[in-house]
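**Q** Dropping a structure here in C-alpha coordinates format, bear with me for questions.
The values are calculated or read from the model by the stated rules, or taken from the named source; none is laboratory data. The structure presented is a predicted model; accordingly, all values stated were derived computationally and were not measured. To get the accessible areas, we keep the full protein, side chains included, count just its heavy atoms, and leave off ligands, DNA and RNA. Shrake-Rupley method; radii C 1.70, N 1.55, O 1.52, S 1.80 Å.
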Amino acid sequence: VESVTSDGQRCILLRRPAVLSIIDEPFVPTGVDPVEIEERWQRLQQANPALFDGRVLHVLGVHRNGCGGVTMHLVESAYRYEAVPSEDFDCGVRTLGVKGLVRHGGKVLLGRRAQWVHHYPGQWEFAPAGGVEPGRAPEQVLLDELKEETGCEPAGGPVALALLLDDTAFSWELVYSLV
(Lines give C-alpha, C1' and ligand atoms only; values in the text may rest on other atoms or scores of the structure.)
Protein backbone atom coordinates (compact mmCIF):
# COMPACT_ATOMS: atom_id res chain seq x y z
CA VAL A 1 0.00 0.00 0.00
CA GLU A 2 1.36 3.42 -0.92
CA SER A 3 0.20 6.55 0.84
CA VAL A 4 1.23 10.12 1.57
CA THR A 5 1.95 11.18 5.16
CA SER A 6 0.63 14.39 6.75
CA ASP A 7 3.91 16.18 5.96
CA GLY A 8 3.85 15.15 2.27
CA GLN A 9 6.24 12.19 2.43
CA ARG A 10 5.49 9.20 0.24
CA CYS A 11 5.19 5.94 2.16
CA ILE A 12 5.14 2.30 1.08
CA LEU A 13 4.02 -0.12 3.78
CA LEU A 14 6.12 -3.29 3.89
CA ARG A 15 5.23 -6.82 4.89
CA ARG A 16 8.74 -8.12 4.29
CA PRO A 17 12.27 -6.65 4.13
CA ALA A 18 13.38 -4.68 1.11
CA VAL A 19 15.60 -6.41 -1.44
CA LEU A 20 18.72 -4.39 -2.22
CA SER A 21 20.12 -4.57 -5.75
CA ILE A 22 23.51 -2.83 -5.82
CA ILE A 23 25.05 -1.66 -9.07
CA ASP A 24 28.83 -1.94 -9.08
CA GLU A 25 29.95 1.42 -10.44
CA PRO A 26 30.01 4.85 -8.76
CA PHE A 27 27.32 7.45 -9.43
CA VAL A 28 28.40 10.94 -10.46
CA PRO A 29 25.59 13.41 -11.13
CA THR A 30 25.23 14.91 -14.59
CA GLY A 31 23.51 18.13 -15.54
CA VAL A 32 24.86 20.06 -12.54
CA ASP A 33 27.86 22.38 -12.48
CA PRO A 34 30.85 20.55 -10.91
CA VAL A 35 32.45 23.90 -10.01
CA GLU A 36 29.35 24.90 -8.03
CA ILE A 37 29.35 21.50 -6.29
CA GLU A 38 32.99 22.04 -5.26
CA GLU A 39 32.34 25.61 -4.07
CA ARG A 40 29.34 24.51 -2.00
CA TRP A 41 31.31 21.58 -0.56
CA GLN A 42 34.19 23.90 0.43
CA ARG A 43 31.75 26.25 2.22
CA LEU A 44 30.21 23.32 4.10
CA GLN A 45 33.66 22.07 5.17
CA GLN A 46 34.64 25.54 6.35
CA ALA A 47 31.47 25.72 8.47
CA ASN A 48 31.96 22.17 9.77
CA PRO A 49 35.55 20.87 9.49
CA ALA A 50 34.41 17.40 10.67
CA LEU A 51 32.73 16.76 7.30
CA PHE A 52 34.45 14.24 5.06
CA ASP A 53 33.56 13.00 1.62
CA GLY A 54 32.75 9.38 2.45
CA ARG A 55 30.67 6.92 0.46
CA VAL A 56 26.87 6.79 0.59
CA LEU A 57 24.28 4.63 -1.11
CA HIS A 58 22.21 6.48 -3.71
CA VAL A 59 18.76 5.08 -4.48
CA LEU A 60 18.38 4.96 -8.26
CA GLY A 61 14.87 3.58 -8.09
CA VAL A 62 12.34 1.55 -6.14
CA HIS A 63 9.75 -0.87 -7.44
CA ARG A 64 7.31 -3.25 -5.81
CA ASN A 65 8.27 -6.89 -6.07
CA GLY A 66 4.98 -8.43 -4.93
CA CYS A 67 3.75 -9.81 -1.63
CA GLY A 68 4.35 -6.56 0.28
CA GLY A 69 7.97 -6.00 -0.65
CA VAL A 70 10.12 -3.67 -2.71
CA THR A 71 13.36 -3.90 -4.62
CA MET A 72 15.68 -0.92 -4.23
CA HIS A 73 18.28 -0.28 -6.92
CA LEU A 74 21.34 1.31 -5.31
CA VAL A 75 24.73 2.64 -6.35
CA GLU A 76 27.63 4.13 -4.39
CA SER A 77 28.10 7.87 -4.56
CA ALA A 78 30.13 10.54 -2.79
CA TYR A 79 28.67 12.17 0.32
CA ARG A 80 29.32 15.65 -1.07
CA TYR A 81 26.55 15.14 -3.67
CA GLU A 82 24.08 14.51 -0.85
CA ALA A 83 25.40 17.34 1.34
CA VAL A 84 25.42 20.28 -1.10
CA PRO A 85 21.80 20.39 -2.39
CA SER A 86 19.35 23.10 -1.37
CA GLU A 87 15.90 24.15 -2.50
CA ASP A 88 17.39 25.69 -5.65
CA PHE A 89 20.26 23.25 -6.34
CA ASP A 90 19.76 19.48 -6.57
CA CYS A 91 22.40 16.92 -7.58
CA GLY A 92 19.76 14.19 -7.82
CA VAL A 93 21.25 11.98 -5.10
CA ARG A 94 18.75 10.29 -2.76
CA THR A 95 20.53 8.43 0.03
CA LEU A 96 19.37 5.37 1.94
CA GLY A 97 18.74 5.70 5.66
CA VAL A 98 17.15 3.65 8.43
CA LYS A 99 14.89 4.53 11.33
CA GLY A 100 13.76 2.36 14.19
CA LEU A 101 10.42 2.45 15.94
CA VAL A 102 11.31 1.22 19.43
CA ARG A 103 8.31 0.60 21.68
CA HIS A 104 8.61 -0.39 25.33
CA GLY A 105 6.01 -0.21 28.06
CA GLY A 106 3.61 1.81 25.92
CA LYS A 107 6.27 4.40 25.08
CA VAL A 108 8.21 5.18 21.90
CA LEU A 109 11.92 6.04 21.89
CA LEU A 110 12.77 9.44 20.40
CA GLY A 111 16.09 11.18 19.93
CA ARG A 112 16.88 14.83 19.39
CA ARG A 113 18.95 15.61 16.34
CA ALA A 114 22.10 17.66 16.88
CA GLN A 115 22.06 21.33 15.93
CA TRP A 116 24.90 20.83 13.43
CA VAL A 117 23.17 18.20 11.25
CA HIS A 118 22.23 19.17 7.71
CA HIS A 119 18.52 18.30 7.80
CA TYR A 120 16.06 18.88 10.64
CA PRO A 121 18.61 20.29 13.15
CA GLY A 122 17.42 20.17 16.75
CA GLN A 123 14.21 18.32 15.90
CA TRP A 124 12.95 15.08 17.44
CA GLU A 125 12.92 11.85 15.46
CA PHE A 126 12.39 8.15 16.01
CA ALA A 127 15.55 6.57 17.38
CA PRO A 128 17.70 4.90 16.40
CA ALA A 129 18.39 6.36 12.97
CA GLY A 130 21.32 6.57 10.59
CA GLY A 131 22.62 6.36 7.05
CA VAL A 132 23.34 3.05 5.35
CA GLU A 133 26.92 2.90 4.14
CA PRO A 134 28.03 0.70 1.23
CA GLY A 135 28.69 -2.89 2.33
CA ARG A 136 26.41 -2.76 5.38
CA ALA A 137 22.95 -4.27 5.73
CA PRO A 138 20.25 -1.77 6.79
CA GLU A 139 19.17 -4.02 9.68
CA GLN A 140 22.74 -4.14 11.04
CA VAL A 141 23.11 -0.36 10.75
CA LEU A 142 19.92 0.00 12.78
CA LEU A 143 21.12 -2.41 15.50
CA ASP A 144 24.53 -0.69 15.65
CA GLU A 145 22.89 2.74 15.92
CA LEU A 146 20.62 1.51 18.74
CA LYS A 147 23.64 0.20 20.65
CA GLU A 148 25.63 3.40 19.98
CA GLU A 149 22.81 5.82 20.83
CA THR A 150 21.29 4.02 23.84
CA GLY A 151 23.56 1.18 24.92
CA CYS A 152 20.58 -1.17 24.52
CA GLU A 153 19.98 -4.25 22.41
CA PRO A 154 16.52 -5.35 21.26
CA ALA A 155 14.94 -8.61 22.34
CA GLY A 156 14.34 -9.57 18.70
CA GLY A 157 15.50 -8.58 15.25
CA PRO A 158 14.24 -5.60 13.22
CA VAL A 159 10.92 -6.05 11.43
CA ALA A 160 10.40 -4.04 8.22
CA LEU A 161 7.43 -1.65 8.43
CA ALA A 162 7.70 0.95 5.68
CA LEU A 163 9.78 2.79 3.12
CA LEU A 164 9.51 6.59 3.18
CA LEU A 165 10.67 9.14 0.63
CA ASP A 166 11.75 12.32 2.42
CA ASP A 167 12.04 15.01 -0.27
CA THR A 168 13.27 17.59 2.27
CA ALA A 169 16.25 15.46 3.35
CA PHE A 170 16.80 14.05 -0.17
CA SER A 171 16.58 10.49 1.19
CA TRP A 172 14.71 7.22 1.30
CA GLU A 173 14.23 5.80 4.82
CA LEU A 174 13.62 2.15 5.66
CA VAL A 175 11.58 2.04 8.86
CA TYR A 176 11.76 -0.96 11.17
CA SER A 177 10.05 -1.98 14.38
CA LEU A 178 12.29 -3.03 17.30
CA VAL A 179 11.06 -4.55 20.54
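**Q** Once you sort the root eigenvalues of the Cα gyration tensor of region 76-179 as a ≥ b ≥ c, which label holds: rounded (a/c under 1.5), prolate (a/b larger than b/c) or oblate (the other case)?
**A** prolate
**Q** Still on this model: Report, to the nearest whole %, how much of the accessible area of the chain belongs to carbon and sulfur atoms, 1.4 Å probe, protein only.
**A** 55
**Q** Can you classify region 126-179 as rounded, prolate or oblate using the Cα gyration tensor, where a ≥ b ≥ c are the square roots of its eigenvalues, rounded means a/c under 1.5, and otherwise it's prolate if a/b beats b/c and oblate if not?
**A** Prolate.
**Q** Rounded, prolate or oblate, given the Cα gyration tensor of region 1-93, with a/c below 1.5 counting as rounded?
**A** prolate
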